[in-house]
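**Student:** Take a look at this one; I'll ask things after.
The values are calculated or read from the model by the stated rules, or taken from the named source; none is laboratory data. Since the structure is predicted, the reported quantities are computational estimates derived from the model, not experimental observations. We place every Cβ from the backbone using ideal geometry, glycine too, and count neighbours over all the protein chains shown. Surface areas here come from the heavy atoms of the whole protein model, side chains and all, with no ligands, DNA or RNA. Shrake-Rupley method; radii C 1.70, N 1.55, O 1.52, S 1.80 Å.
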Amino acid sequence: MSGFDQLRLEGVGRRFGTADALADLDLTIERGEFIALLGPSGCGKSTALNCLAGLLPLTAGSIWQDDQRIDTLPPEKRGFGMVFQNYALFPHLTVRDNIAFGLRMRRLPKDEVRRRTEAAIEMVRLAEHASKLPGQLSGGQQQRVAIARATVLEPSLVLMDEPLSNLDAKLRLEMRTEIRRLHQSLGLTTVYVTHDQEEALSMADRLVVMRLGRVQQIGTPEEVHTKPATWHVADFMGYRNLLPVSATRVEGDAVTVPLGETTVNGVAQGEMNAGDEVVAAVRPEDVRLGSADVAGLKGRIEVVEYQGRELAVEVALPDGVRLHARTDRKVEPGEQVAITITPGRLLVYPSGDPADRPAAELATAGLAV
Ligand code: ATP
């Protein structure tokens, strides 16, 4: 099947029994885009990918390649490339023959098969391993073969499901760059499933953040990182401090919320009124420590963790709430400190449903000095 300008998922859903593994997925993918589907385990990412691949029939909605409906086509008619976490290479074929396999199946002329196979081997930097069997390669090298095998056919879309999750941390980082480099040089439209927010942020043009089978937010890495649409997305994006509180004052998007024995200002991320139950979210990097003799928010250091250039600390507020903070000052457990929140970095989300609120993190009473 030839390339497309747009691939559209319209109201795509997949139900197992009475449970929606995926519901109401609307997404338009432009040719050449790198899209990451991101979310915690069980949120429906693989279901979405398998629906796209044609491995799982939809129970709702449709998928369109420009003006052609494709969700009714079997996987092989969609012509998409797939890379999964278990590389599924043919163990008895060499690297070269694994990569050439799909081209030969298409009965392309011998010269063309050779030319494209060698180019793909070069691209994933496996020239010196081309005559080896998969069993003689490292995990990262095997994954590169899988990627070459999927991309040598120049598919209109490449689907990747956690392709790096079996690799060690160092290789994962290398392969991230490698996949991004391949994507840029080949301009392949890619949909990439991961539960690793750093991986998604560093690789994708756009992220689709999912939870409980539904899209929470679609946006660029910067949008999702700096303006999470819900407190669940914020949670996933490293806003470790999630405080269920009631808003004291609301004026436009300026909200005041109680914290410790004082109040702090935040930015409303939706409609809210004074007195409403809300969730205030802030990253540890935006909670800074100063000396205790200035007025304002105060706390007592409970836990100090060395993290290279900075210390990660947990601070207990007078009301028992625990905040995660960062500092480059040398601090000790038990010390009283002043706490400053970077202006504009405390995001406040409406949270009408009492069941849908994070639990407050309370300081361990026994540690009180
Ligand atoms: P993970 O990262 O753990 O693979 P995921 O986000 O990819 O998770 P899915 O595999 O898409 O999640 O699963 C979404 C939901 O659908 C889960 O609750 C899962 O238990 C359910 N589910 C998936 N496949 C089936 C199936 N064949 N039968 C019944 N339920 C299923």
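**Student:** How big is the dipole moment of segment 239-352 about its Cα centre under a simple scheme where the beta carbon of each Lys and Arg is +1, that of each Asp and Glu is -1, and everything else is neutral? Debye, nearest 20, please. All intermediate terms of the calculation are to be shown ahead of the outcome.
**Tutor:** Values: 12 positive and 17 negative charges, 58 e Å.
Here segment 239-352 has a charge dipole of around 280 debye.
**Student:** What are the extents of the Cα atoms of segment 6-226 along their three principal axes, in Å, largest first?
**Tutor:** 48, 38, 31
**Student:** Here's something else I'd like to know. With N set to the number of residues, divide the alpha-carbon radius of gyration of segment 239-352 by 2.2 N^0.38 Å and report two decimals.
**Tutor:** Working: Rg = 14.0 Å, N = 114, 2.2 N^0.38 = 13.3 Å.
Dividing the Cα Rg of segment 239-352 by 2.2 N^0.38 Å gives 1.06.
**Student:** Please build a GNM for the chain, connecting alpha carbons under 10 Å apart, and tell me which residue among 352, 39, 81 fluctuates the most.
**Tutor:** Comparing 352, 39, 81 in a Gaussian network model of the chain, the most mobile one is 352.
**Student:** Anyone know which of 281, 119, 53 comes out most mobile in the 10 Å Cα GNM of the chain?
**Tutor:** Of 281, 119, 53, the most mobile in the Gaussian network model is 119.
**Student:** About the Cα centre, and with charges only on the beta carbon of Lys, Arg (+1) and Asp, Glu (-1), how big is the dipole of the chain? Nearest 20 debye, please. Display every interim value, and only then the final one.
**Tutor:** Working: 42 positive and 50 negative charges, 323 e Å.
So the magnitude is around 1560 debye.
**Student:** On the accessible surface of segment 239-352, probed at 1.4 Å, how many percent belong to carbon and sulfur atoms? Intermediate values should be presented prior to the final figure.
**Tutor:** Values: 2510 of 5370 Å².
Here it works out to 47 percent.
**Student:** Let me ask something else. Which of 100, 49, 195 sits farthest toward the positive end of the charge dipole of the chain, with +1 on the Cβ of Lys and Arg and -1 on the Cβ of Asp and Glu?
**Tutor:** So the residue furthest toward the plus end is 100.
**Student:** Choose one of 279, 229, 217: the residue whose Cα lies farthest towards the positive end of the charge dipole of segment 216-312 (beta-carbon charges +1 Lys, Arg; -1 Asp, Glu; about the Cα centre).
**Tutor:** 279
**Student:** Another question about this same structure. So what is the 222 nm mean residue ellipticity for the chain from helices alone, if each DSSP H run of at least 4 adds -39500 (n - 2.57) and you divide by all residues, rounding to the nearest 500 deg cm²/dmol?
**Tutor:** Working: 9 runs with 88 residues, N = 369.
That comes out to -7000 deg cm²/dmol.
**Student:** Can you pull the Rg over Rh of the chain, Cα-only, Kirkwood?
**Tutor:** Working: Rg = 24.9 Å, Rh = 23.3 Å.
Taking Rg over the Kirkwood Rh, I get 1.07.
**Student:** What is the percent carbon and sulfur in the accessible area of segment 6-226, measuring with a 1.4 Å probe over the protein chains and ignoring ligands? Walk me through the numbers before you get to the answer.
**Tutor:** Details: 5130 of 10230 Å².
For segment 6-226, the apolar C and S fraction of the accessible surface comes to 50 percent.
**Student:** Could you size up the charge dipole of segment 18-89 around its Cα centre, putting +1 on the beta carbon of Lys and Arg and -1 on that of Asp and Glu, and report it in debye to the nearest 20? The partial results should precede the final answer.
**Tutor:** Details: 5 positive and 9 negative charges, 55 e Å.
So the dipole magnitude of segment 18-89 works out to roughly 260 debye.
**Student:** Using amide H atoms built in the peptide plane, which far-off residues or other-chain residues are under 5 Å from residue 60 H to H?
**Tutor:** HN-HN under 5 Å from residue 60: 13.
**Student:** Please name whichever of 35, 337, 256 sits farthest to the positive end of the charge dipole of the chain, dipole taken about the Cα centre and charges placed at Cβ: Lys and Arg +1, Asp and Glu -1.
**Tutor:** The one lying farthest along the dipole's positive direction is 35.
**Student:** Could you order 45, 298, 227, 330 by accessible surface area, starting with the largest, using a probe radius of 1.4 Å?
**Tutor:** 330, 227, 298, 45
**Student:** So how exposed is residue 253, as accessible area in Å² (1.4 Å probe, rounded to 10)?
**Tutor:** Using a 1.4 Å probe on the heavy atoms, I get roughly 90 Å².
**Student:** Protein chains only, probe 1.4 Å: how do 261, 314 rank by accessible area, largest first? Numbers along the way, then the final one.
**Tutor:** On the way: 261 160, 314 30 Å².
Descending accessible area places them as 261, 314.
**Student:** Please list 306, 192 from largest to smallest accessible area, probe radius 1.4 Å, with all protein chains kept in place.
**Tutor:** Details: 306 180, 192 0 Å².
Final ranking, largest accessible area leading: 306, 192.
**Student:** Going by average Cβ neighbours within 10 Å, how do the peptides 263-276, 316-329 rank, with the highest at the top? If you can, show how the numbers build up before the last one.
**Tutor:** Details: 263-276: 16.4, 316-329: 18.1.
My ranking of the peptides, most packed first, is 316-329, 263-276.
**Student:** Among 299, 344, 308, whose mean-square fluctuation peaks in a Gaussian network model of the chain (Cα, cutoff 10 Å)?
**Tutor:** Fluctuation is largest for 308.
**Student:** Please report how many Lys pairs in the chain have alpha carbons closer than 26 angstrom, counting only residues at least 8 apart along the chain or sitting on separate chains. Write out the running numbers ahead of the final one.
**Tutor:** Numbers: 45/77; 45/170; 45/227; 77/110; 110/132; 132/170; 298/330.
The number of close lysine pairs in the chain is 7.
**Student:** Rolling a 1.4 Å sphere over the protein heavy atoms, what is the accessible area per residue of the chain, to the nearest Å²? Walk me through the numbers before you get to the answer.
**Tutor:** Values: 17640 Å² over 369 residues.
Accessible surface, normalised per residue, equals 48 Å².
**Student:** Okay, moving on. Obtain the radius of gyration and the Kirkwood radius of segment 1-101 from its C-alpha atoms and give Rg over Rh. Don't skip to the answer; put the middle values down first.
**Tutor:** On the way: Rg = 15.2 Å, Rh = 15.1 Å.
Result: Rg/Rh = 1.01.
**Student:** While we're here: Out of residues 5 or more away from residue 83 or on other chains, whose amide H comes under 5 Å of its own, with H placed 1.01 Å from N in the peptide plane?
**Tutor:** The answer is 159, 160, 161.
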